[in-house]
Amino acid sequence: MKRLILCLILFSLQFLTLHLSAQEEPLKVRPDALPWEKEITPKAISMATSVEQMANWDRYPTYNTYLSMMEQWATEFPNLCHIDTIGTSVQGRLILSMYIEPETDDDLYRPEFFYSSTMHGDEVTGFVMMLRLIDTLLHGYGFNPQYTNLINRLRISINPLSNPDGTYHGGNNTVSGAWRYNANYVDLNRNYPDPFGSTPDDDQQVENTAMINYVSNHNFRVSANLHGGAEVMNYPWDSYRSSQNPHPDRDWWIEVCKRFIDTSRTYSNSHFRDTYNSGYTAGGDWYVISNGRQDYMNYYHNCREMTMEISSNKTLSSNQLPEYWRFLQHSLVNYIEETLIFASGDPSAINPATEREFSVYPNPTSDRIFLNVPPSNDITIYDIHGKSVLHLQKGTQCIDIRQLPKGIYILKSGDTTTKVVKQ
Ligand SMILES: [Zn+2]
């Protein structure tokens, strides 16, 4: 009898376990369920139920906190940004982007840049990084020369969460139950039109239809979509190995990847090493996929989009988020800056007003020198003995040096100095 009861208990337990795991397991096996995309159980997830609780950036926002943060920035900086509603998800959650452009009277051409994160709902590091990036750019405008320069010269759209149903799969108040797919169990990064002809397995999902409409109504020149599960910069194409079909801009991509990785490694040398020691790869050399967004953007929109895999763990413990921001922050900002180089074809175009090298031309010169950007600090020219010979107001872009004797001079503005030769 005892044995029978024990058997019954064991059987019920087994049934329960099977039943539970059947609910938790993916409904069908996908060909792209890759070994390195292993699920790592998050250690500690803290949620912020108010905007105030996001102050230290060591929590994930609940869905409502996320919406409140976006609304608060739009209210606080009405002349600097507005919220774009890209669309709504299967379950009716909002897909939003913060569109940053200062109100101006001029009609200067400003290239558009786009960041979009977390189309895989459980890859939430980028979600928080993008929120923090929005906050940093908006609060830094007018104070930080690099951010100010970027905002003045570009139009920057940041979509922190492109698959809200996946991220809040466990409910609006937690990301603990986040999963990769949308609410229809479709992988959104296998559901875009494919330049090389293959049709997605699933009907186009509303999240992607909305995204396609959004990018079609803009003219994004450079963009990135952010993921987790690895730390590697992944440039096009995804649909081919580079030996079969190298991307025509391969050299540019490699340069951009190197700059991103080098910068992040100056803050933490241990990251971006889990897949390739270089930290970057052509997508198809890592593994070939079809119907991904990166190739769609490159091919159909002539937009240089790459895939940034930014954290080995898809869902970091909340207290790890500040550390990731620390080593990614500058790379993420500098990647926006790549748009200036790409759009102008001039590497010196990235130079904001101060604190970084600016260039002067022509050099040597006999009469005038021009600065590629107007410095936001006063300019002083010193002779070879360190004596100040000319002082100019900030904003000056053309300097008449005809009255100076021939020789070598040092031009200084803020922390930047450059040598000028008067002939
Ligand atoms: Zn992903």
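Pull up segment 388-405, narrow it to residues that are in a loop (DSSP other than H, G, I, E, B) and either among the charged types (D, E, K, R) or not assigned by TED's automatic domain parsing to the domain that holds LEU371 (or both), then point me to the one that is modelled with the highest pLDDT. Full working, then the answer.
Just the residues of segment 388-405 that are in a loop (DSSP other than H, G, I, E, B), to begin with: 393-397, 401-405.
Checking the rest, the ones that are also either among the charged types (D, E, K, R) or not assigned by TED's automatic domain parsing to the domain that holds LEU371 (or both) come to 394, 402.
Values: LYS394: 71, ARG402: 86.
Out of the qualifying residues, it is ARG402.
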Worksheet item: Which one of THR307, THR354, THR365 is in contact with a Gly (Cβ under 8 Å, 6 or more places away or on another chain), modelled with pLDDT under 95 and not basic (Lys, Arg)?
Response: THR354
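Tell me whether segment 79-91 contains one or more residues that are more than 16 Å from the ligand (Cβ to nearest atom) and either assigned to a helix (DSSP H, G or I) or touching a Cys at 6+ places or on another chain (Cβ under 6 Å) (or both).
no
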Worksheet item: Which ones in segment 213-229 are touching a residue at least 60 places away in the same chain (Cβ under 8 Å) and either acidic (Asp, Glu) or more than 15 Å from the ligand (Cβ to nearest atom) (or both)?
Response: ASN213, TYR214, VAL215, SER216, HIS218, ASN219, PHE220, ARG221, VAL222, SER223
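Could you say whether any residue in segment 274-282 is among the aromatic types (Phe, Trp, Tyr) and in contact with a helix residue (DSSP H, G or I) (Cβ under 6 Å, 6 or more places away or on another chain)?
So in segment 274-282, the residues among the aromatic types (Phe, Trp, Tyr) come out as 276, 280.
Then drop every residue that is not in contact with a helix residue (DSSP H, G or I) (Cβ under 6 Å, 6 or more places away or on another chain), which leaves 280.
Looking for residues that are among the aromatic types (Phe, Trp, Tyr) and in contact with a helix residue (DSSP H, G or I) (Cβ under 6 Å, 6 or more places away or on another chain), one finds at least one in segment 274-282, hence yes.
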Worksheet, complete the sentence: The number of residues in segment 65-83 that are under 22 Å from MET119 (Cα atoms) and out of contact with any helix residue (DSSP H, G or I) (no Cβ under 7 Å at 6 or more places or on another chain) is 5
Worksheet item: Across segment 303-333, what is the number of residues that are within 16 Å of the ligand (Cβ to nearest atom) and in a strand (DSSP E or B)?
Response: 7
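Hey, among the residues in segment 94-112 that are part of a loop (DSSP other than H, G, I, E, B) and touching a strand residue (DSSP E or B) at 6+ places or on another chain (Cβ under 7 Å), which one's nearest to THR148 (Cα to Cα)?
Restricting attention to segment 94-112, the residues satisfying the condition of being part of a loop (DSSP other than H, G, I, E, B) are 101-111.
With touching a strand residue (DSSP E or B) at 6+ places or on another chain (Cβ under 7 Å) added as a condition, the list becomes 101, 110-111.
Details: GLU101: 11, ARG110: 14, PRO111: 15 Å.
Going through the qualifying residues, I end up with GLU101.
When only residues in segment 103-119 that are more than 16 Å from the ligand (Cβ to nearest atom) and of a type in the set (A, V, I, L, M, F, W, C) count, which is surrounded by the fewest Cβ atoms within 10 Å (Cβ to Cβ)? Step through it out loud before you land on a result.
Step one: of segment 103-119, the residues more than 16 Å from the ligand (Cβ to nearest atom) are 103-114.
So of that shortlist, the ones also of a type in the set (A, V, I, L, M, F, W, C) come out as 108, 113-114.
Numbers: LEU108: 7, PHE113: 26, PHE114: 26.
Across segment 103-119, the extreme among qualifying residues is LEU108.
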Fill in: The lone exception for VAL256 - which of (1) crowded, with 21+ Cβ neighbours inside 10 Å; (2) free of Cβ contacts under 8 Å to residues at least 40 places away in the same chain it fails
(2)
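The values are calculated or read from the model by the stated rules, or taken from the named source; none is laboratory data. Computed from a predicted model, the values in this text were never measured in an experiment. Methodologically, a virtual Cβ is constructed for each residue, glycine included, from the backbone with ideal geometry; neighbour enumeration extends over all protein chains shown.
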